[in-house]
């Protein structure tokens, strides 16, 4: 009963008001959006210390990749790989064990780097569980690159790739990006772009949703690289 009375009242009130406005105003009334939409630009600025920490992270990543690649070549040059292959273990198993060892090594040192700046209160202040995830994923990405290079390329070409990566990191990894917007756009050519963006975007927005696409991209690329390395080792495309 009460609902019927209220409905009747609102209907008569609406009809009474609609007769007082012109047809043009009446049309605008129904065409007007009930919810205004606006774009909010992010104005979060990084301090010089935060910028230094994130840029230095790129060089740390490339150093780890170089170290992993060159250490594998040193083992090959000393004949350690051939000795291990003579043991009752397949090449694929050896590759996986080596991959896990390098991943743990990279994860520990990358985590120490993050903790250093976090404890100082400079950066990496977000959820610690997510930071652990980013460190684990970044280590997976770095180790996959290292394993792929050492599996597919001999020491001569692998070493050339290592120094090419270092050169690209120096050019596009942050030093010259401060000079002009052109170099900033070329930053995406850096081999450490994905890892840098992972930490930078999370540090800015503090949400896992803001880096979902980057996480997926890193996982796909890393998995493809390690899968190719496993297939290569299984069929022995390059002898030690």
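Using a Debye calculation, one point per C-alpha and no hydration shell, please list log10 I(q)/I(0) for the range 84-127 at q = 0.32 Å⁻¹ in order.
Listed by q, the Debye log ratios stand at -0.99.
By average Cβ neighbour count within 10 Å, what is the ranking of 113-121, 148-156 from highest down? Could the numbers behind the result be given before it?
Values: 113-121: 14.4, 148-156: 17.6.
Answer by packing, highest mean first, reads 148-156, 113-121.
Please arrange 51, 157 by counting, for each residue, the other beta carbons lying within 10 Å of its beta carbon, fewest first. Spell out each step's value before the answer.
Details: 51 15, 157 11.
In increasing order of surrounding Cβ atoms, one gets 157, 51.
How much length, in nm to one decimal, is gained on full extension between residue 235 and residue 127, taken as 0.36 nm per residue of separation minus their Cα-Cα distance? Walk me through the intermediate numbers first.
Numbers: separation 108, 0.36 × 108 = 38.88 nm, distance 4.31 nm.
Computed gain between residue 235 and residue 127 is 34.6 nm.
Would you kindly state how much longer the chain becomes between residue 157 and residue 104 on full extension, computed as 0.36 nm times their sequence separation minus their alpha carbon distance, in nm to one decimal? Write down the numbers at each step before the final one.
Working: separation 53, 0.36 × 53 = 19.08 nm, distance 2.61 nm.
Between residue 157 and residue 104, full extension yields 16.5 nm more.
For the range 88-115 and the range 138-164, what is the separation of their Cα centres, given in Å?
Spelled out, the Cα-based centre of one part sits 14 Å from the other.
Every read-out reported here was derived from the displayed coordinates using simple, explicitly stated rules and does not represent laboratory data. The structure displayed is predicted, hence computed values, not measured ones. In this analysis, Cβ positions are derived from the backbone assuming ideal geometry, glycine residues included, and neighbour counts consider all displayed protein chains.
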